[in-house]
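Enquirer: My questions all concern the structure below.
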Amino acid sequence: MASGALKKMGVWLGLVDDDEYDDYAPYEEPSVPVRRNGGQVAVAEPEVSVAGVRTLPREDSVSVQQMKPAVVRPISPVQSAKVHIVAPGGFNDAQEIGDKLKSSQPVIVNLQGSDRELSRRLIDFASGLTYGLGGQMERVADQVFLLTPTNVEVSPEEKRRLQERGLYGT
């Protein structure tokens, strides 16, 4: 009896073949005919019934998959945009930051008047947002961050204007 229990455990662990299933014939996948017509590949559905499962006919008995050629698209030139400034009073202002950045507008997030917990949460949000959109996040002053989307550059005139307001490079 101990040997039977050990054998069952070996079968359960997959270490020993189970003699109970030796009588069954191995299952073979049905072959699927393939026709090639120029750039198109047509695959016919198999019409076999296996173990109580039958294939239902489709409206179009042949599904066609057309291979598409690779397309090379030029990268758009770098845009220059006016910076939107946000001095958040609560975490609800994060939506404004996200909306502006998604619409390819750079954003200055001024956290100088915010408490420590709100600043930490907004920095985490802004860094995840810029990473997800493929942009950049740059600290430009104490508790002031510049978020720029992909293919957008802040012009030197705009940087000078922000510097005059104490929001860039101070």
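Laboratory data are not the source of any read-out in this text; all were calculated from the coordinates shown. Please read these numbers as outputs of a predicted model, since none were measured by experiment. Reconstructed Cβ throughout: ideal geometry from the backbone, glycine too, with neighbour counts over all protein chains shown.
Enquirer: Under the Karplus relation 6.51 cos²θ - 1.76 cosθ + 1.60, θ = phi - 60°, what is the ordered set of whole-Hz ³J(HN,Hα) values for segment 99-111, x standing for Gly and Pro?
Expert: Ordered by residue, 3J(HN,Hα) equals 5, 5, 5, 5, 8, 6, 10, x, 10, 9, 9, 9, 9 Hz.
Enquirer: Can you give me the long-range amide H partners of GLY135? Hydrogens built in the peptide plane at 1.01 Å from N, cutoff under 5 Å, separation of 5 or more residues or another chain.
Expert: Long-range HN contacts for GLY135: THR150.
Enquirer: Please rank ASP93, ASP99, fewest neighbouring Cβ atoms within 10 Å first, as an exposure proxy. Show your work: numbers first, answer last.
Expert: Numbers: ASP93 16, ASP99 12.
Ranked by crowding around the Cβ, least crowded first: ASP99, ASP93.
Enquirer: So how far apart, in nm, are the two label points at ARG165 and LEU13 if each is 7 Å from Cα heading toward Cβ?
Expert: 7.0 nm
Enquirer: How long are the semi-axes of the equivalent ellipsoid of segment 79-164, defined as square roots of 5 times the Cα gyration tensor eigenvalues? Whole Å, largest first. Write down the numbers at each step before the final one.
Expert: Working: eigenvalues 75, 46, 21 Å².
They are 19, 15, 10 Å, listed from largest to smallest.
Enquirer: Through the Karplus equation 6.51 cos²θ - 1.76 cosθ + 1.60, θ set to phi - 60°, convert the phi angles of segment 115-123 into ³J(HN,Hα) values in whole Hz; use x for Gly and Pro.
Expert: 6, 4, 5, 5, 4, 4, 5, 5, 5
Enquirer: Quick check on the exposure proxy: order PHE125, PHE145 from fewest to most C-beta atoms within 10 angstrom.
Expert: Working: PHE125 17, PHE145 21.
Starting with the residue having the fewest Cβ neighbours, the order is PHE125, PHE145.
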